[in-house]
Every structure is written in C-alpha cells, then in structure tokens.
Amino acid sequence: TSDPYFEHGASVNLTMEIMEPAPPAPVITSVSISPGTVAASKNSTCTFTASVSGENNYSREIVWSVSGHKSSNTFIDSNGILNIAADETSTALIVKAVSRQDSRYSATALVSLLKSSYFLQVEAEPDNGGTVHGSGIVEEGAYVTISAAPHNGFVFDGWFLDGNRVSSHSQFVVDNLHSNRTYTAIFRPVSCRIN
C-alpha cells in the first residue's frame with residue numbers, strides 16, 4: 001500500500017504443489033428391515049431383507065441375529081433366512097439386522113409364532129364294538145377328553161396308542177398334544193357260558 005507503483009518491490013519465486021483432497025470417509029445413515037412384523041409357524045422359514053443407506057462408497061453388508069428363541073435349532077443364516085425349529089416353545093422372536101461397517105445402526109423385526117394345530121382321531125375296534133367321541137382338530141398344548149361306550153354284547157377294554165394301552169377308563173383326557181394322534185378304543189365281546 002505504501003509502494004503503489006512497485007518501485008521498491010522484490011521478485012520472489014514460488015513453488016506450488018496441487019494435491020487431490022482425501023476422499024471423504026464412508027458413512028452409514030440408516031438400516032431398515034423388511035418385513036417389520038410377521039406371523040410364522042414352527043418348523044418353517046421366513047426370509048428377511050435389510051437395506052443400508054449411507055454416503056461415500058459405504059458397505060451394504062449386514063450381520064443377522066435372532067433373540068428370544070428357546071430352541072438351539074432356531075437360527076438365522078447370513079442371507080437373512082430365519083429357520084424356526086419344530087421344537088421351538090417361544091411365542092415371539094426378534095430378528096436384528098446390524099450394519100457390519102457401523103454397529104450403531106440396526107433395525108429389528110418381530111416374529112410372532114402361531115400355535116400349531118393337530119388332528120386327534122379316535123376309532124373303535126371292532127367297528128361294531130361301541131361308539132367313540134373326541135375326534136377333531138386340537139391346538140398345540142391343549143387337552144381334550146375322549147370317550148367310549150360299548151354296544152350290547154361288548155365290554156370296553158381300554159384306550160390304545162400305537163399298540164400300547166394308555167388308559168383302562170372309558171373317558172380319557174389327552175393333554176399336551178404336539179403331533180397328530182390316533183387313539184383306538186378296544187372292545188371285547190362278552191363271553192357267556194350256557195349250561
């Protein structure tokens with residue numbers, strides 16, 4: 001400012017190096033999961049998908065996990081496929097998708113487990129030996145009373161399951177059902193001696 005005509009100036013050589021700026025760091029902004037809620041039955045599979053949002057060449061990789069299960073055979077694989085075991089006794093599971101790049105970002109889904117239903121069948125042997133009642137669809141873990149009444153000329157011998165006697169009473173309570181079952185009421189003809 002004091003030498004506007006550059007009368008007493010000096011000449012200086014400058015060297016400049018122009019560098020590319022460092023690329024911005026990848027950043028995760030959110031994780032979402034679909035479906036968010038699902039009802040499923042035991043001994044089945046459910047497929048989940050996760051979406052990762054972010055910036056600057058971020059990783060879309062997900063780490064899957066499941067909690068709330070009581071069976072060691074219930075698990076979720078690396079592709080988001082939930083395998084629900086046949087012996088699972090929990091009523092609800094939580095599926096979680098976590099960003100592999102930044103574990104602060106995750107999403108969860110709720111899986112409600114439906115109770116299975118099984119068919120309970122009762123039959124008479126022989127067919128004309130008596131009448132039986134109690135066949136039908138029964139919810140898992142529930143109980144039902146089956147009954148048998150002999151016809152004239154027969155007596156009730158017992159309830160049998162898979163060839164084994166389970167009760168000698170004509171009314172029998174079947175409980176804690178976890179599979180289809182067939183109970184057979186065995187009737188024996190009355191033997192009479194005539195003199």
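A few points about this structure:
- Taking the criterion of being open to solvent by 70 Å² or more (accessible area, probe 1.4 Å) and touching an Asp or Glu at 6+ places or on another chain (Cβ under 9 Å), the residues of the range 138-175 that qualify are Y143, R165, S168.
- Qualifying position, being under 19 Å from D127 (Cα atoms) and aliphatic (A, V, I, L, M), among V190, V174: V190
- Criterion: open to solvent by 60 Å² or more (accessible area, probe 1.4 Å) and touching a residue at least 40 places away in the same chain (Cβ under 8 Å) - qualifying residue of E55, E61: E61
- Selected residue [within 29 Å of G141 (Cα to Cα), surrounded by 13 or more Cβ atoms within 10 Å (Cβ to Cβ), at pLDDT below 95 and more than 12 Å from the chain's Cα centre (by Cα)] from S117, S44, S71: S117
- Looking only at the range 18-41, and only at residues there that are among the small types (G, A, S) and within 17 Å of F75 (Cα to Cα), the one that is farthest from the chain's Cα centre (by Cα): A39
- Of all residues assigned to the range 97-113, at least one qualifies as being of a type in the set (A, V, I, L, M, F, W, C), surrounded by 14 or more Cβ atoms within 10 Å (Cβ to Cβ) and in contact with a Gly (Cβ under 6 Å, 6 or more places away or on another chain).
- Test for D3: is it part of a loop (DSSP other than H, G, I, E, B), closer than 30 Å to A142 by Cβ and at pLDDT below 90: no
- Test for R181: is it farther than 30 Å from F48 by Cβ and among the basic types (K, R): yes
- Any hit, the range 133-146, residues being among the aromatic types (F, W, Y) and at pLDDT below 95: yes
- Check on T74, closer than 30 Å to V27 by Cβ, touching a strand residue (DSSP E or B) at 6+ places or on another chain (Cβ under 7 Å) and without any contact (Cβ under 8 Å) to a residue 40 or more places away in the chain: no
- Scanning the range 78-88 for residues that are surrounded by fewer than 15 Cβ atoms within 10 Å (Cβ to Cβ) and out of contact with any Phe, Trp or Tyr (no Cβ under 7 Å at 6 or more places or on another chain) yields N79, I81, A86, D87.
The values are calculated or read from the model by the stated rules, or taken from the named source; none is laboratory data. Values in this document were obtained by computation on a predicted structure and should not be read as measured data. So basically every Cβ, Gly included, is an ideal-geometry build from the backbone, and we count neighbours across all protein chains shown. Just the protein is used for accessible areas: all its heavy atoms, side chains included, with ligands, DNA and RNA removed. Shrake-Rupley method; radii C 1.70, N 1.55, O 1.52, S 1.80 Å.
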